[in-house]
Amino acid sequence: MWGTFGTGDGEFGNPWDVCVNGSDLIFVADYGNNRIQEFDTSGGFIRTWGTYGIAAGELNSPRGVATDASGNVYVADTFNDRVQKYTSIGGYLSDWGGSGTGDGLFDSPSDLALDSIGNIYVADTYNHRIQKYDPSGTFSAKFGGAGSGDGQFIFPYGIAYDPAGYLWVADQNNDRAQKMDLGGGYSLKTPSGYLCFPDGIVVAPSGDIYVADTFADSIVKFSSGGAYLGRFGVGELVRPHGMAFDSAGYLYVESVGKVLRMPMTNCNRPLSLPSPVNGRGKQREYSLPRKRGRDPGRGDGIFWSDGWVFRRSHVADTLHDRIVKYLPR
């Protein structure tokens with residue numbers, strides 16, 4: 001296990017995402033410390049880069065991190081409304097985006113994924129859409145839009161590439177994950193009743209889909225066809241977000257305070273969501289409120305980007321400060 005709250009090397013200030021490159025090096029988006037940290041698979045600290053700011057290479061609450069086949073690192077620089085590209089050791093290479101609703105612009109991008117030829121897909125969360133860029137960072141397409149219909153999103157937070165030629169999107173406020181083709185065509189969605197504000201999502205080497213069921217403090221597993229397969233992490237995870245697999249099949253999950261390595265037991269055991277309040281979950285406290293606005297899908301809610309507040313629902317705490325590693329199953 002590794003990680004605890006703090007600002008030193010190997011410490012976290014609310015980590016949000018994790019990715020693993022082809023050499024099994026682990027990169028963590030250390031959201032609260034405005035930086036990226038790199039580790040080996042045993043949790044050994046290697047390096048860090050980034051500091052708070054708006055200049056090239058600086059970060060403002062990064063939520064997503066991904067790598068390409070060459071080892072370059074891409075970061076969803078969330079509150080700077082841009083994507084930044086770095087070398088594998090943190091050297092700044094380029095950035096693109098800007099604040100807005102037009103093509104190529106962002107409103108709080110939260111995650112990103114790369115396909116087999118290097119195209120970049122960005123979860124443009126507060127614009128309720130996915131944007132696609134070529135390997136140079138040039139805008140090429142968009143899909144989605146606010147709504148609850150098939151292929152629409154309300155706050156897409158997580159995105160993952162499926163080597164079978166699809167994208168999976170954690171459609172947070174619709175309580176589902178959606179499978180899309182690479183052109184943005186709708187394929188399928190997970191069944192209702194299993195997810196409560198999902199955030200992170202990853203495709204396993206087996207092709208199964210793992211979704212961070214953030215407000216139920218657990219991970220839910222689905223087949224590539226969307227069938228529910230089970231739930232695990234109950235009692236071990238608190239507000240999980242980003243996830244990644246290494247080449248040996250270990251699953252890394254960020255959660256509260258440290259990195260844990262444990263077997264994925266009981267992953268086929270169904271578990272109910274927390275006791276409902278108007279069907280949405282338990283009332284809780286929140287921390288790190290950053291961005292307030294209206295929920296377009298509900299109409300009567302108020303939300304913050306780091307702690308959802310709904311008049312008829314609940315409030316969330318998103319201090320996560322650890323990475324969790326699971327044994328392959």
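The values are calculated or read from the model by the stated rules, or taken from the named source; none is laboratory data. In this text the structure is predicted, and so the values were computed from the model without any measurement. Cβ coordinates were reconstructed from backbone atoms using ideal geometry, including for glycine residues, and neighbour counts include every protein chain displayed. Note: accessible area is taken over every heavy atom of the protein model, side chains too, but ligands, DNA and RNA are not part of it. Shrake-Rupley method; radii C 1.70, N 1.55, O 1.52, S 1.80 Å.
If the condition is being over 21 Å from G64 (Cβ atoms), open to solvent by 10 Å² or more (accessible area, probe 1.4 Å) and either under 18 Å from the mean Cα position of the chain (by Cα) or free of Cβ contacts under 8 Å to residues at least 60 places away in the same chain (or both), then the stretch 218-246 contributes K221, S223, G225, A227, Y228, L229, V234, G235. Within the stretch 89-115, count every residue that is open to solvent by 40 Å² or more (accessible area, probe 1.4 Å) and either modelled with pLDDT under 95 or of a type in the set (A, V, I, L, M) (or both). Of the residues in that region, 3 qualify. Filtered by the rule that a residue be more than 14 Å from D30 (Cβ to Cβ) and not hydrophobic (A, V, I, L, M, F, W, C), the stretch 64-85 gives T67, D68, S70, G71, N72, Y74, N80, D81, R82, Q84, K85. Scanning the stretch 1-49 for residues that are under 16 Å from T67 (Cβ atoms), hydrophobic (A, V, I, L, M, F, W, C) and over 19 Å from the mean Cα position of the chain (by Cα) turns up I46, W49. Summed over the stretch 116-136, residues that are surrounded by fewer than 18 Cβ atoms within 10 Å (Cβ to Cβ) and closer than 23 Å to N34 by Cα total 0. For the stretch 50-67, filtered to residues that are open to solvent by 20 Å² or more (accessible area, probe 1.4 Å) and not acidic (D, E), the residue that is nearest to S99 (Cα to Cα) is I54.
Does the stretch 79-111 hold any residues that are within 21 Å of the chain's Cα centre (by Cα), of a type outside the set (D, E, K, R) and assigned to a strand (DSSP E or B), and which are they? Selection gives V83, Q84, Y86, W96, G97, S99, F106, P109, S110. Screening S255 with (1) among the small types (G, A, S); (2) at pLDDT below 90; (3) part of a loop (DSSP other than H, G, I, E, B); (4) under 19 Å from the mean Cα position of the chain (by Cα) gives one miss only, at (3).
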